[in-house]
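Structure record follows, encoded as structure tokens.
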Amino acid sequence: MARYKQMSDIDLKNWSEWDDLITDSLWILGKRKNNGTHRGDYWGNFVPQIPYQAMRRFTQRGELVIDPFMGSGTTLIEAMRLGRYAIGVDLQEMLVEQVCQRLASAPNPHKVQAIALSGDSTSVQTVRAVQEQMAGLGFTHAHLLIFHPPYHDVIRFSERAEDLSNAPSLEAFLESLQTAVSLYAPLLGQGRFLVLVIGDKYVKGEWVPLGFYAMERIRQLGFRLKSLCVKDIQENRGKRGQYRLWRYRALKHNFYVFKHEYILFFQKQEG
């Protein structure tokens, strides 16, 4: 049995009282929560319930969370609400400005800081900028990394060549994702967790197991896979109001409609 290491605020003497925390690998989360300054108006954003669960399980109040593909700022907003410091990065300058505005009006009951940066998370210069912000906040390492990258070209987020959603091939996408993880991995404390949220895709009638490919790339970097969780997908913007149409297509063309994503939990090896 592995030696227990406290990573959260959970009081195991009263473990039964923490019934809001998920401990099973099947996550039926339902619709996206849009309370407070959370918004569901950005293509590809993920539900606040995911960073909520990850931060409650694997960080303590006052610790630092980094999100290298922050999108609309879901992780940062949730971190402030839970009393965690946070740094997020995104390629799109206008989106970063919007996140900064949301952070300014977001609830911050514990008086922590959340910082949104513009940059390319496959770039050494961007990671150095993150390190500078960490130092300014008084941290030598992060306590949790949350990766929610594009699912390759399922949704095109910008016209920029360095955007992972514009990777010219599956191999190029996986290489870029692995590069980003390798750059941020040294910022993560020993024994701490990296969370990857990702789904699969179809190409010319064939299911492409993008999540499993990405999982293997991270394992190659020395991370230990601790859990593979499956989350339900509610009707997304692309399929909104089209359930019957997609059901017909599935029956006609012999496939199954995507209703799940993966939440993979990796632990950085000690030593």
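The values are calculated or read from the model by the stated rules, or taken from the named source; none is laboratory data. It should be emphasised that the depicted structure is a prediction, and the values quoted were computed from it without experimental measurement. Reconstructed Cβ throughout: ideal geometry from the backbone, glycine too, with neighbour counts over all protein chains shown. Quick note on the areas: whole protein, heavy atoms, side chains included, nothing else; ligands and nucleic acids left out. Shrake-Rupley method; radii C 1.70, N 1.55, O 1.52, S 1.80 Å.
Residues checked against (1) touching a strand residue (DSSP E or B) at 6+ places or on another chain (Cβ under 9 Å); (2) over 28 Å from residue 8 (Cβ atoms); (3) buried (at least 18 other Cβ atoms within 10 Å of the Cβ):
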| site | (1), (2), (3) |
| --- | --- |
| 136 | yes, no, no |
| 140 | yes, no, no |
| 149 | yes, no, yes |
| 158 | no, yes, no |
| 168 | no, yes, no |
| 183 | no, no, yes |
| 205 | no, yes, no |
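Does residue 93 qualify as being more than 10 Å from the chain's Cα centre (by Cα), farther than 26 Å from residue 10 by Cα and free of Cβ contacts under 8 Å to residues at least 24 places away in the same chain? Taking the combined requirement at face value, the residue does not satisfy it.
The residues of the stretch 95-124 that are assigned to a helix (DSSP H, G or I) and closer than 21 Å to residue 194 by Cα amount to a single one, 124.
Taking the stretch 84-112 only, how many residues are of a type in the set (Lys, Arg) and open to solvent by 60 Å² or more (accessible area, probe 1.4 Å)? Counting residues in the stretch 84-112 that are of a type in the set (Lys, Arg) and open to solvent by 60 Å² or more (accessible area, probe 1.4 Å) gives 1.
Filtered by the rule that a residue be small (Gly, Ala, Ser) and surrounded by 17 or more Cβ atoms within 10 Å (Cβ to Cβ), the stretch 170-181 gives 176, 180. Contact map, the stretch 153-166: residues that are among the acidic types (Asp, Glu) paired with residues that are part of a loop (DSSP other than H, G, I, E, B) and open to solvent by 60 Å² or more (accessible area, probe 1.4 Å), Cβ distance under 8 Å, separation 6+ or inter-chain. Pairs shown: 163/156. Against the conditions (1) open to solvent by less than 20 Å² (accessible area, probe 1.4 Å); (2) modelled with pLDDT of 95 or more, residue 123 satisfies every one except (1).
Based on this model, can you work out whether residue 176 counts as of a type in the set (Ser, Thr, Tyr), in contact (Cβ under 8 Å) with a residue 24 or more places away in the chain and either closer than 16 Å to residue 122 by Cβ or out of contact with any strand residue (DSSP E or B) (no Cβ under 7 Å at 6 or more places or on another chain) (or both)? Judged against the criteria, residue 176 is a match.
Within the stretch 211-223, residues that are on the phi < 0 side of the Ramachandran plot have Cβ atoms under 6 Å from residues that are at pLDDT below 95 and crowded, with 19+ Cβ neighbours inside 10 Å in no pair, counting only partners at least 6 apart in sequence or on another chain. Every condition in (1) among the aliphatic types (A, V, I, L, M); (2) part of a helix (DSSP H, G or I); (3) open to solvent by 30 Å² or more (accessible area, probe 1.4 Å); (4) in contact (Cβ under 8 Å) with a residue 12 or more places away in the chain holds for residue 130 except the one numbered (3). The conditions are (1) more than 12 Å from the chain's Cα centre (by Cα); (2) of a type outside the set (D, E, K, R); (3) part of a helix (DSSP H, G or I); (4) under 23 Å from residue 163 (Cβ atoms), and residue 75 fails exactly one of them. Which is it? Residue 75 satisfies all of (1) more than 12 Å from the chain's Cα centre (by Cα); (2) of a type outside the set (D, E, K, R); (3) part of a helix (DSSP H, G or I); (4) under 23 Å from residue 163 (Cβ atoms) except (1).
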